[in-house]
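Take a look at the structure below.
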Amino acid sequence: MPIRGDRIVADIEAIARFTATPGAGSDRPSFSAAWRQARDHVLAEAERAGCHWRIDAAGNVHIRPRGVSWSRRVWLSGSHLDSVPGGGDFDGVVGVVAAIEVLRAAHEDGRSDVPLEAVVFAEEEGTTFGLGMLGSRGWIGTLDAAALAGVRNRHGKNYWEAGADQGASAERLAADRLRPADYAGLIELHIEQGPAMWKHDHRVALVTAIAGRRQYAVVLRGVANHAGSTGMDDRHDALAGAAEAIAAVECLPDLLGDHAVATVGRIAVEPNAVNVIPSRAEFTVDLRAPDDDSLELGDERLRALVAAAAQRRGLEHEIVRTESLPAVRLDGPLADRVRAAAGGLGLAPLAETVSGALHDAAILAPLVPTVMIFVASRDGISHNPAEFSRIDDIATATRLLAAVVDADPA
Ligand SMILES: [Zn+2]
């Protein structure tokens with residue numbers, strides 16, 4: 001199948017023009033006018049390539065060659081078209097366009113039966129309704145109709161109200177769930193969104209795991225007092241305790257092995273006044289690692305380091321875990337299939353990595369054999385209008401995808 005980079009570029013550029021902020025990156029919340037235009041562009045390309053399509057009750061778009069019925073077992077590949085505000089033109093779009101290009105190339109080859117379904121997941125990013133991967137979670141059933149009625153966008157519309165014109169339907173959701181047996185595997189192609197591949201000149205990589213994530217709210221309580229008349233030995237400074245803990249959190253990943261990361265992204269201080277010793281400091285911790293043992297060890301160490309920082313200053317402390325998502329190990333046999341296909345294309349040995357970011361692939365992985373293929377991101381920049389990946393690399397990854405799906409699944 002002749003994969004063509006020029007068609008891929010044309011799609012990426014066309015979709016980039018569908019944004020609420022022309023010239024300033026992509027702003028394409030799910031179900032917005034810009035998102036609808038991007039989706040319609042993809043559907044028009046699919047129809048030109050001899051495909052038929054349907055929209056499931058959760059608002060995800062499914063596209064197959066006309067010669068492939070909806071009941072046939074196929075490979076699944078795709079990603080998302082929604083973006084964060086001020087986002088880039090490649091995040092998600094690359095995975096959708098790659099799957100469409102494979103369908104186009106097959107059509108050009110006179111093949112109307114390539115066993116591939118392209119998918120556009122609705123609302124992956126989480127910035128439209130405050131919660132991510134809604135389309136995929138609705139499709140597999142971990143979010144039900146009531147849960148999706150409980151999230152609202154900035155116009156005050158819930159998922160069903162916002163998506164009604166675009167095929168989303170609360171009434172149909174329970175009956176229109178993913179049937180895992182329909183799919184031999186999911187291959188999601190995506191940009192890396194981090195600097196490692198670009199730095200090492202790994203242009204395309206196989207993703208073998210998606211990091212799990214734990215998030216925490218940490219509170220330290222001390223005593224507010226006069227900044228002039230309270231000696232340094234007589235203080236219970238909640239912010240100084242938080243500072244010590246935060247510095248220790250930054251070192252935590254060293255204990256947890258490769259690909260572990262920890263971030264304190266938010267802090268609030270009381271009373272937050274120039275001449276008052278802080279009585280209360282609250283901060284968040286976001287901890288990610290590619291396996292659950294590392295997350296568990298990180299959890300223990302985090303609790304210990306906060307307790308130690310509190311004890312040194314006579315502070316009270318509290319740690320609440322606000323989220324726990326397990327690490328996802330991607331499918332071994334499907335990964336082998338990707339490695340073999342890479343060998344056939346002269347891409348061996350294919351670089352291998354771990355995804356620090358979450359993706360729809362992580363949602364489907366417990367039900368359908370899943371892997372991801374990453375394309376290097378220039379300087380690791382993403383969720384930013386400067387986001388960029390080389391078209392040559394995207395085309396190479398698309399050729400790899402084509403090779404993986406170019407045979408009937410067992
Ligand atoms: Zn994405």
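The values are calculated or read from the model by the stated rules, or taken from the named source; none is laboratory data. Because the structure is predicted, anything quoted here is derived from the model rather than measured. Because the Cβ atoms are built from the backbone with ideal geometry, glycine has one as well, and the counts that use them run over all protein chains shown.
Numerical summary
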item: Selection within the range 36-86 - at positive phi, away from the ligand (no atom under 16 Å from the Cβ) and surrounded by fewer than 23 Cβ atoms within 10 Å (Cβ to Cβ); result: GLY50
item: Positions within the range 130-147 being in contact with a Lys or Arg (Cβ under 9 Å, 6 or more places away or on another chain) and within 16 Å of the ligand (Cβ to nearest atom), in sequence order; result: LEU131
item: Residue under evaluation ALA307, criteria (1) in the same structural domain as ASP113 (by TED's automatic domain parsing); (2) surrounded by fewer than 19 Cβ atoms within 10 Å (Cβ to Cβ); (3) among the small types (Gly, Ala, Ser), criterion not met; result: (1)
item: Number of the exception - LEU178 against (1) within 16 Å of the ligand (Cβ to nearest atom); (2) touching a helix residue (DSSP H, G or I) at 6+ places or on another chain (Cβ under 7 Å); (3) not in a strand (DSSP E or B); result: (1)
item: Count of the range 298-307 residues which are more than 24 Å from the chain's Cα centre (by Cα) and either touching a residue at least 60 places away in the same chain (Cβ under 8 Å) or closer than 17 Å to HIS259 by Cβ (or both); result: 4
item: Failed item, numbered, when GLY126 is tested on (1) buried (at least 21 other Cβ atoms within 10 Å of the Cβ); (2) within 16 Å of the ligand (Cβ to nearest atom); result: (1)
item: Which listed residue, of ALA184, ALA205, ALA196, is closer than 27 Å to ARG72 by Cα and either without any contact (Cβ under 8 Å) to a residue 12 or more places away in the chain or not assigned by TED's automatic domain parsing to the domain that holds ALA309 (or both); result: ALA184
item: Helices (runs of 4 or more DSSP H) lying entirely in the range 317-410 (those with 1 or more residues that are touching a residue at least 40 places away in the same chain (Cβ under 8 Å) and over 17 Å from the mean Cα position of the chain (by Cα)); result: 332-344, 391-405
